[in-house]
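I have placed the structure first, in the form of structure tokens, so that the comments after it can refer back to it.
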Amino acid sequence: MAHTEEALRQLRAALEIPAGQEWESVVRLLLRLVGEDPTREGLRRTPLRVKQSLQFLTSGYRSDPKKILSRTFTVKHDEMVLVKDIDFFSLCEHHLIPFFGRCHIAYMPDKKIIGLSKIPRLVEAFSRRLQVQERLTTQIAEAIDQHVRPLGVACVMEASHLCMMMRGVQKQNSRAVTSSMVGVFRTSDKTRAEFLTLIRSNLGSPG
């Protein structure tokens, strides 16, 4: 943190940015670098809007996964708990362009369960950061394993990456799929197969 503060101080001095106006000053500079006039009517409030947007999209840095998962309940349940089709949005750390999709998470309790709403909250805590999908998938699974101590955790994420769709290779229909299997989901073919079958099924679909 001290290194970050010093780097920020040096950047302020180099660009002659007043303290407290870093966000707006940097966005105005970026607008000029792309050939725009930050003083024109449509862009006057853009620096503030970008600041508010990025602060929300990176709010996961201010979330504590340990706190999210701190409350557990003792329940006699030794079957899989699955929450699937969790929507998520994140920012690719290489280009600061969004990637988004769905996340499926399961765990096998060992005498303790967590509230179901904690699982989507955990996904938000890690996805609202600068990320790569591979690390995001692993962080979610490892957090549940570390703080809940179940018999196993499984996390599968499937996402569309705008950095591959609107630039670069420009492949519009490609999707990336990543997985992280811990405990019995890694060691038991049967448990892993049950999880993969459930996330592909449409149990709640009508008729």
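Screening the candidates Gly101, Gly60 for the property of being in contact with a Ser or Thr (Cβ under 7 Å, 6 or more places away or on another chain), outside any helix (DSSP H, G or I) and at pLDDT 95 or above yields one hit, Gly101. Restrict the check to the stretch 153-160 and report whether at least one residue is part of a helix (DSSP H, G or I) and in the same structural domain as Ile86 (by TED's automatic domain parsing). No, the stretch 153-160 contains no residue that is part of a helix (DSSP H, G or I) and in the same structural domain as Ile86 (by TED's automatic domain parsing).
Looking across the stretch 104-121 at every residue that is assigned to a strand (DSSP E or B), free of Cβ contacts under 8 Å to residues at least 60 places away in the same chain and not β-branched (Val, Ile, Thr), the one that is surrounded by the most Cβ atoms within 10 Å (Cβ to Cβ) is identified as Tyr107.
The values are calculated or read from the model by the stated rules, or taken from the named source; none is laboratory data. Everything numeric here is computed off the predicted structure, so don't read it as measured data. Cβ sites come from the backbone with ideal geometry, for glycine too, and all protein chains shown count toward neighbours.
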